[in-house]
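What follows is a single structure, written as structure tokens, with notes after it.
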Amino acid sequence: MMKQIERYIPIILLLLMFSNTVIAQNKSINTKKMYNNNTTIEDHRKNQNSFSSSDGVIKYIDQGKGEVILLLHGVPTSSWLYRKMIDDLVIKGYRVIAPDMLGFGNSDSPNGYEIYSSKEHSKRLIELMDSLEISSWNHLMHDAGGAWTWELIKNNPNRVSKLIVLNTLILEEGFFPPVKMKKGWFAKFILSLYRSKITSRIMLKMLFKNGLTDHKLSKTEIKGYQKSLLEGKTKGMYYFFTQLSKPFPNYEKTLKQLDIPVAIIWGKHDKILKWEPQKERVSELLKIESHNIHIIDGNHFIQEEQPNKITAIINDFIKKTKD
């Protein structure tokens with residue numbers, strides 16, 4: 001009997017070696033980084049999944065395993081804005097969902113005007129998360145993503161478990177838009193400049209010159225933001241910019257009723273979305289604990305300037321406020 005067993009020992013050892021190799025390979029696949037300094041927008045798009053919403057196809061990143069965090073961009077950006085944060089959050093043990101909202105990035109850009117309202121954007125976010133069978137999640141938003149988020153929370157108050165706020169629309173006293181455009185030829189002309197290969201680069205350089213402190217983006221990084229514009233996707237931008245001439249939406253009731261942990265991560269050099277003029281009122285409405293307010297060295301696009309600092313704050317905030 002022992003001799004028969006001894007005959008099979010080499011085979012058993014080979015099988016064990018093979019299984020260990022497979023396990024090691026699977027671990028490396030799960031922890032393999034998606035992004036580096038040479039990553040292009042084409043690489044980013046290859047990593048995206050597709051969801052057919054009620055209004056068009058939404059492209060989104062879905063990476064990692066663990067507690068879910070949704071990263072919501074603003075105008076005129078996309079999930080490309082979070083490319084420096086996604087890997088770090090995955091390594092920290094999160095499942096990262098980062099959509100390109102309809103009309104932005106790699107998602108569809110259907111005709112229409114009200115289709116790009118905050119209410120419609122929030123409706124499609126719920127559709128996406130329902131399709132992924134995610135009932136609640138940690139939610140991070142930036143810029144116009146704030147308006148979409150407040151609308152989502154107003155209509156679906158139990159879906160967001162923790163909220164992380166990055167330089168976003170909250171109260172009127174914190175918002176200083178450089179220009180307010182009405183619907184019509186002037187707004188359409190301005191947006192046509194974003195769609196032209198020559199002028200779009202100039203417009204984006206101006207945007208990031210004012211939205212970054214000392215950090216400069218490479219040509220590859222700029223192209224990541226430029227690609228969707230050259231594809232003609234400015235309808236969502238047209239809606240947002242032409243809404244600025246109308247009264248600022250009042251979400252104070254929604255903010256006041258919100259009863260979840262909230263963290264603020266704000267670039268202190270932002271000249272368009274300022275924390276100081278609204279800090280006391282926002283802190284009161286959202287019941288934010290002082291240790292969860294982080295005013296960091298950066299401008300509007302802090303995801304470009306301080307990605308590792310932001311992910312460290314996020315991780316610390318979520319871990320310390322476990323349900």
Exercise. Within the bounds of the range 26-45, is there any residue that is in a helix (DSSP H, G or I), surrounded by 14 or more Cβ atoms within 10 Å (Cβ to Cβ), of a type in the set (Val, Ile, Thr) and modelled with pLDDT of 50 or more?
Worked result: yes
Item checked: Some residue of the range 172-183 being within 30 Å of LYS256 (Cβ to Cβ), in contact with a helix residue (DSSP H, G or I) (Cβ under 8 Å, 6 or more places away or on another chain), buried (at least 17 other Cβ atoms within 10 Å of the Cβ) and at pLDDT 95 or above -> yes
The lone condition TRP266 fails out of (1) crowded, with 19+ Cβ neighbours inside 10 Å; (2) closer than 30 Å to PRO110 by Cα; (3) among the aromatic types (Phe, Trp, Tyr) is (2)
How many residues of the range 153-196 are over 20 Å from ILE264 (Cβ atoms) and hydrophobic (A, V, I, L, M, F, W, C)? The answer is 9
When the range 99-115 is checked residue by residue, the ones that are touching a strand residue (DSSP E or B) at 6+ places or on another chain (Cβ under 9 Å) and among the hydrophobic types (A, V, I, L, M, F, W, C) are MET101, LEU102
Among residues of the range 219-246 being modelled with pLDDT under 95 and not basic (Lys, Arg), the residue surrounded by the fewest Cβ atoms within 10 Å (Cβ to Cβ) is SER245
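Given LEU255, LEU244, LEU229, which one is under 21 Å from PHE176 (Cβ atoms) and touching a Leu at 6+ places or on another chain (Cβ under 9 Å)?
When all the criteria are applied, what remains is LEU255.
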With criteria (1) free of Cβ contacts under 8 Å to residues at least 24 places away in the same chain; (2) surrounded by 22 or more Cβ atoms within 10 Å (Cβ to Cβ), THR199 comes up short on (2)
Taking the range 98-126 and keeping residues more than 17 Å from the chain's Cα centre (by Cα) and of a type in the set (S, T, N, Q) leaves SER109, ASN111, SER117
Flagged in the range 118-164 as small (Gly, Ala, Ser) and either buried (at least 20 other Cβ atoms within 10 Å of the Cβ) or over 18 Å from ILE313 (Cβ atoms) (or both), in numbering order, are SER118, SER122, SER131, SER135, SER136, ALA144, GLY145, GLY146, ALA147
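The values are calculated or read from the model by the stated rules, or taken from the named source; none is laboratory data. Owing to the predicted nature of the structure, the values given are computational and were not obtained by experimental measurement. Backbone-built Cβ (ideal geometry, glycine too); neighbour counts: all protein chains shown.
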